[in-house]
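Colleague: This is the structure I want to talk about, given as structure tokens.
The values are calculated or read from the model by the stated rules, or taken from the named source; none is laboratory data. Because the structure is predicted, anything quoted here is derived from the model rather than measured. Because the Cβ atoms are built from the backbone with ideal geometry, glycine has one as well, and the counts that use them run over all protein chains shown.
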Amino acid sequence: MAMISGDTHRLRLIVRYTILGLIAVMFVFPLVFMIVSSFKPDLQLLTDTGSLRAFLPVGDISVNNYLAAFRRAPVGLFIFNSVVVTGVTVVLSLLVCSAAAFAFVFVEWRGRDLILTIILATLIVPFETIAIPLLLLASKLPWIGAEGLTFGWLNSYRVQIVPFVADGLAIFLFVQYFKDLPGELIEAARVEGASWGQIYRKVVMPLAGPVLATVAILKFLAMYNQYLWPLMVVQEETYRPVMVGLQYFFQLNRAWGEIMAYLSLITVPVLVFYLVLQRAFIASIASTGVKG
Amino acid sequence: MANVALTGLKKSYGPVDVIKGVDIAIEDGEFVVFVGPSGCGKSTLLRMIAGLEDISGGTLSIGGRVVNDVPPKDRRIAMVFQSYAIFPHMTVRENVAFGLTIAKMPKKEKEAKVAEAARILQMEHLLDRRPSQLSGGQRQRVAIGRAIVREPAVFLFDEPLSNLDAALRVDMRMELAKLHQDLKATMIYVTHDQVEAMTLADKIVVLNAGVVQQVGTPLELYHSPANLFVAGFIGSPKMNLLPVTVEGVTSSSVTVGSPDLGVAMLPFRPGAVVVGDQVTLGVRPHMLGLGAGTRLPGAVQLVERLGNETIAMLRLKSGQEITAALGGDQPIRVGDRIDPGFAPTAAALFDTAGIALTRA
Ligand SMILES: Nc1ncnc2c1ncn2[C@@H]1O[C@H](COP(=O)(O)OP(=O)(O)OP(=O)(O)O)[C@@H](O)[C@H]1O
Ligand SMILES: [Mg+2]
């Protein structure tokens, strides 16, 4: 009996891991193809696509594509710009959107439902429809910096950051999560003398780990993949992000190897971000341990 | 320490009146219990005292100061919630110290208070655990600990024991009674469990549908319920209520009759009751005994032997069923005809509107 059930158990495990493995392979293949190809010369890269060799580091392997990519475009600068814009936006967005959701869920004030409805309505407005008015606005906005008062935000980090800090989807996710927190926790904190600010910092945010991670991931991906907006508002290389930088490689002579090298390079921050957040995500769930 | 006074207190949610003008005076150091059926407004009333619900009308004062518009943190109250509401991301120590941390109390003093509370509640060994590693009873202690370290003038409890199992509930009930003796603070306690109410309270407030039905000591409520609602709500098993007709009145007695009872003269002031009124006679199961007083003959339908007493359900001539709590070793059996009786002075009589008549 024990033998048989042990065997069926093992069989089940094998089947399960085989299926999971196949799914993992499906997801990993494009990534492998990209990285492997980035080390091959163009001609071999194209002929290899007809066979499994496309996924294997065989033949004429070198880092020439990477060297060429760096010669063609300021790759480091682009990655730096994207990391700055994305990082700052994600952090500000987490703060601003969670604070807004906090006010919508826990604090009572007049007009709160109406304003929340309006914010949620912005979810169905595609960015493309507001891009042009936003461009006009951004080109006229004032700013006080090192050179004193100036007008027009074009060619800057702030024009890539500020419009995306307040985010209807993020607010919506925070609102949903906060509504599910036990109301008596907030009331207990109020009775104990905590101010709204203290309740936000000491009670709500420490319990918001999972939704913070979710919003951070969504926001990171959206910001890192920005293309249309930076294309419109940034004409100078100094502030150009990675996705716009891809244009450098789609000139008359299309160098596939260099494109693969560039793509491999700009994928690195995404992987780093994911690995860091995955650990924080699991830790936050483990430490919360909300249990009835 | 402080007294609490509710004067004409009202609460409505839009057009719905939930608390309909409540007057209660709570003395300093008193243990007051609000009881009533589910949805009668007990929690709402308590939350109004806490400052978690705003007050639609009337005044609330704590320690002689009107606090209608004072935020919860400035009312010198502490509250223990039904769900305990302890912070899952903090250790027990941090939970208990939460209010003190917020008040920026110096570390030494804070630690001393937490240690003292932990000693009183016998949870020193739990201080470094997280709430997820505690049992229900232990979480309840943490919630109480968080309340006592702040030395509030008034403690508010909203059904604090209802999530515990029966045995633990009895233990915690006794501990709460002891805590009240030790701290001598004013405590207001909400429950729908009448045993908790009877055992803990100096004073019980019975609520129904947002209206105070009666305020009194547990024994006052037991022996002299003000109306039919209180009569039915307090006491277990429930008071037997029998419809009877008034057959005669004097200034100090009311004579009633019914097919079950025959005719009985009861020592009550008639008030507005006149001959011919349909009134209600109330007799507690424990007031019934074999072989004495005014008889209620009937056939035994069901017998429950509890050892210390025997609960018998009888069917009277009219078909009405009543409960009698008899001595522990009664040899009665289902189908027996018995005629337990009660002393007229121990009965209660309610007029046509359900209001109790006063004893003469
Ligand atoms: N926010 C609200 N809006 C409308 N009605 C409410 C609201 N909160 C409570 N009520 C109503 O007020 C009444 C009293 O509620 P409350 O919670 O005080 O009852 P309770 O006596 O504590 O009952 P329980 O024993 O079930 O806890 C109920 O009828 C409830 O439906
Ligand atoms: Mg309640």
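Colleague: Please give the number of the condition B:LEU207 fails out of (1) of a type in the set (A, V, I, L, M); (2) within 14 Å of chain A (Cβ to nearest Cβ); (3) within 16 Å of ligand 2 (Cβ to nearest atom).
Modeller: If we test B:LEU207 against (1) of a type in the set (A, V, I, L, M); (2) within 14 Å of chain A (Cβ to nearest Cβ); (3) within 16 Å of ligand 2 (Cβ to nearest atom), just (2) comes out false.
Colleague: Just the residues that are away from every other protein chain (no Cβ under 12 Å) and in contact with a Phe, Trp or Tyr (Cβ under 9 Å, 6 or more places away or on another chain), please, taken from region B:132-145.
Modeller: Hits for region B:132-145 are B:GLN140, B:ILE144.
Colleague: Let me ask something else. Looking at (1) within 28 Å of A:PHE273 (Cα to Cα); (2) touching a Ser or Thr at 6+ places or on another chain (Cβ under 6 Å), which one does A:LEU45 not meet, given that it meets all the others?
Modeller: (1)
Colleague: Give the number of residues within region B:164-183 that are of a type in the set (Lys, Arg) and either modelled with pLDDT under 90 or closer than 19 Å to B:SER236 by Cβ (or both). Before you say what the answer is, go through the steps one by one.
Modeller: Filtering region B:164-183 down to residues of a type in the set (Lys, Arg) leaves B:169, B:173, B:178.
Within this subset, residues satisfying the condition of being either modelled with pLDDT under 90 or closer than 19 Å to B:SER236 by Cβ (or both) are B:169, B:173.
Residues meeting the conditions: 2.
For every residue, the table says whether it meets (1) under 20 Å from the mean Cα position of the chain (by Cα); (2) modelled with pLDDT of 95 or more.
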| residue | (1), (2) |
| --- | --- |
| A:VAL165 | yes, yes |
| A:ASP180 | no, no |
| A:GLY183 | no, no |
| A:GLY193 | no, no |
| A:TYR200 | no, yes |
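Colleague: Against the condition in contact with a strand residue (DSSP E or B) (Cβ under 8 Å, 6 or more places away or on another chain) and within 14 Å of another protein chain (Cβ to nearest Cβ), how does B:ILE148 come out, does it pass? First the steps, then the outcome.
Modeller: Working: in contact with a strand residue (DSSP E or B) (Cβ under 8 Å, 6 or more places away or on another chain): yes; within 14 Å of another protein chain (Cβ to nearest Cβ): yes.
The answer is yes for B:ILE148.
Table: residues versus (1) assigned to a loop (DSSP other than H, G, I, E, B); (2) more than 30 Å from B:ILE55 (Cα to Cα); (3) within 16 Å of ligand 2 (Cβ to nearest atom); (4) without any contact (Cβ under 8 Å) to a residue 60 or more places away in the chain.
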| position | (1), (2), (3), (4) |
| --- | --- |
| B:GLU196 | no, no, yes, no |
| B:GLN214 | no, no, no, yes |
| B:PRO225 | yes, no, no, no |
| B:LEU242 | no, yes, no, no |
| B:THR245 | no, yes, no, yes |
| B:VAL254 | no, yes, no, no |
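Colleague: Is it the case that A:GLN226 is surrounded by fewer than 19 Cβ atoms within 10 Å (Cβ to Cβ), of a type outside the set (A, V, I, L, M, F, W, C) and in a loop (DSSP other than H, G, I, E, B)? Give the steps one after another, and end with the answer.
Modeller: Details: surrounded by fewer than 19 Cβ atoms within 10 Å (Cβ to Cβ): no; of a type outside the set (A, V, I, L, M, F, W, C): yes; in a loop (DSSP other than H, G, I, E, B): yes.
Against the criterion (surrounded by fewer than 19 Cβ atoms within 10 Å (Cβ to Cβ), of a type outside the set (A, V, I, L, M, F, W, C) and in a loop (DSSP other than H, G, I, E, B)), A:GLN226 does not qualify.
Colleague: Among the residues of region B:220-266, write down those that are among the charged types (D, E, K, R) and out of contact with any Pro (no Cβ under 9 Å at 6 or more places or on another chain). Can you show your working first?
Modeller: Of the residues in region B:220-266, the ones among the charged types (D, E, K, R) are B:220, B:238, B:247, B:260.
Result: B:GLU220, B:GLU247.
Colleague: Out of region B:36-59, which residues are touching a strand residue (DSSP E or B) at 6+ places or on another chain (Cβ under 7 Å), within 14 Å of chain A (Cβ to nearest Cβ) and more than 9 Å from ligand 2 (Cβ to nearest atom)? Before the answer, list the steps.
Modeller: First, the residues of region B:36-59 that are touching a strand residue (DSSP E or B) at 6+ places or on another chain (Cβ under 7 Å): B:36-37, B:40-46, B:48-50, B:53, B:55-59.
Remaining after also requiring within 14 Å of chain A (Cβ to nearest Cβ): B:43-44, B:46, B:48-50, B:53.
Once the filter is applied, which keeps residues that are touching a strand residue (DSSP E or B) at 6+ places or on another chain (Cβ under 7 Å), within 14 Å of chain A (Cβ to nearest Cβ) and more than 9 Å from ligand 2 (Cβ to nearest atom), region B:36-59 yields B:MET48, B:ILE49, B:ALA50, B:GLU53.
Colleague: Using the structure shown, decide if A:VAL276 is at pLDDT below 90, away from chain B (no Cβ under 14 Å) and closer than 22 Å to A:MET205 by Cα. Write out each step before concluding.
Modeller: Working: at pLDDT below 90: yes; away from chain B (no Cβ under 14 Å): yes; closer than 22 Å to A:MET205 by Cα: yes.
Considered against the rule, which asks whether it is at pLDDT below 90, away from chain B (no Cβ under 14 Å) and closer than 22 Å to A:MET205 by Cα, A:VAL276 comes out as yes.
Here is a yes/no grid of residues against (1) within 11 Å of another protein chain (Cβ to nearest Cβ); (2) surrounded by 15 or more Cβ atoms within 10 Å (Cβ to Cβ); (3) closer than 16 Å to A:ALA189 by Cβ:
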| residue | (1), (2), (3) |
| --- | --- |
| B:ARG93 | no, yes, no |
| B:GLY99 | yes, yes, yes |
| B:LEU121 | no, yes, no |
| B:ARG130 | yes, yes, no |
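Colleague: For B:LEU126, which of the numbered conditions (1) on the phi > 0 side of the Ramachandran plot; (2) more than 10 Å from every other protein chain (Cβ to nearest Cβ) fails to hold?
Modeller: (1) is the only condition that B:LEU126 fails.
Colleague: If I filter region B:60-79 down to residues being touching a residue at least 60 places away in the same chain (Cβ under 8 Å) and part of a loop (DSSP other than H, G, I, E, B), which single residue comes out as farthest from the other protein chains (Cβ to nearest Cβ)?
Modeller: The first filter runs over region B:60-79 and keeps only residues touching a residue at least 60 places away in the same chain (Cβ under 8 Å), leaving B:62-64, B:75-79.
Those still in the list that are part of a loop (DSSP other than H, G, I, E, B) too: B:63-64, B:75-76.
Details: B:GLY63: 17, B:GLY64: 21, B:ARG75: 8, B:ARG76: 10 Å.
That would be B:GLY64.
Colleague: For region A:188-217, which residues satisfy the criterion of being outside any helix (DSSP H, G or I) and more than 7 Å from chain B (Cβ to nearest Cβ)? Show your work before the answer.
Modeller: Our first condition is that a residue be outside any helix (DSSP H, G or I); within region A:188-217, this holds for A:192-195, A:208.
Those that are outside any helix (DSSP H, G or I) and more than 7 Å from chain B (Cβ to nearest Cβ): A:SER195, A:ALA208.
Every residue, every condition in (1) touching a helix residue (DSSP H, G or I) at 6+ places or on another chain (Cβ under 8 Å); (2) surrounded by 16 or more Cβ atoms within 10 Å (Cβ to Cβ); (3) touching a residue at least 24 places away in the same chain (Cβ under 8 Å), yes or no:
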position	(1), (2), (3)
A:LEU92	yes, yes, yes
A:ALA100	yes, yes, yes
A:VAL105	yes, yes, yes
A:TRP109	yes, no, no
A:ASP113	no, no, no
A:VAL125	no, no, no
A:LEU134	yes, yes, yes
A:GLU147	no, no, no
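Colleague: Just to check your reading of the model, which residue among A:PHE106, A:PHE174, A:PHE127 is of a type in the set (Phe, Trp, Tyr) and within 14 Å of chain B (Cβ to nearest Cβ)? Spell out the reasoning first.
Modeller: Values: A:PHE174 fails: within 14 Å of chain B (Cβ to nearest Cβ); A:PHE127 fails: within 14 Å of chain B (Cβ to nearest Cβ).
So the residue among A:PHE106, A:PHE174, A:PHE127 that is of a type in the set (Phe, Trp, Tyr) and within 14 Å of chain B (Cβ to nearest Cβ) is A:PHE106.
Colleague: Just a yes or no: is a residue in region B:237-252 crowded, with 18+ Cβ neighbours inside 10 Å, closer than 29 Å to B:VAL32 by Cβ and out of contact with any strand residue (DSSP E or B) (no Cβ under 8 Å at 6 or more places or on another chain)?
Modeller: no
Colleague: Mind listing whichever residues of region B:328-354 are out of contact with any Leu (no Cβ under 8 Å at 6 or more places or on another chain) and either exposed (fewer than 12 other Cβ atoms within 10 Å of the Cβ) or part of a strand (DSSP E or B) (or both)? Spell out the reasoning first.
Modeller: Start the filter on region B:328-354 by keeping residues that are out of contact with any Leu (no Cβ under 8 Å at 6 or more places or on another chain), which leaves B:329, B:331, B:333, B:335-337, B:343, B:345-346, B:352-353.
Passing the criteria: B:ASP329, B:PRO331, B:ARG333, B:GLY335, B:ARG337, B:ALA353.
Colleague: Given the options B:LEU156, B:LEU168, B:LEU164, name the one that is away from chain A (no Cβ under 11 Å) and either in a loop (DSSP other than H, G, I, E, B) or surrounded by 23 or more Cβ atoms within 10 Å (Cβ to Cβ) (or both).
Modeller: Numbers: B:LEU156 fails: away from chain A (no Cβ under 11 Å); B:LEU168 fails: either in a loop (DSSP other than H, G, I, E, B) or surrounded by 23 or more Cβ atoms within 10 Å (Cβ to Cβ) (or both).
Checking each option against the conditions leaves just B:LEU164.
Colleague: Ok, one more. Kindly provide the set of residues from region B:271-296 that are in a loop (DSSP other than H, G, I, E, B), modelled with pLDDT under 90 and at negative phi, ordered by number. It would help to see each step written out before you state the result.
Modeller: Start the filter on region B:271-296 by keeping residues that are in a loop (DSSP other than H, G, I, E, B), which leaves B:271-277, B:284, B:288, B:291-293, B:296.
Among the residues that remain, those that are also modelled with pLDDT under 90 are: B:271-272, B:291-293.
Scanning region B:271-296 gives B:ALA272, B:ALA292.
Colleague: Further question: From the list A:GLN247, A:GLN235, which residue is under 19 Å from A:LEU134 (Cβ atoms) and surrounded by fewer than 21 Cβ atoms within 10 Å (Cβ to Cβ)?
Modeller: A:GLN235
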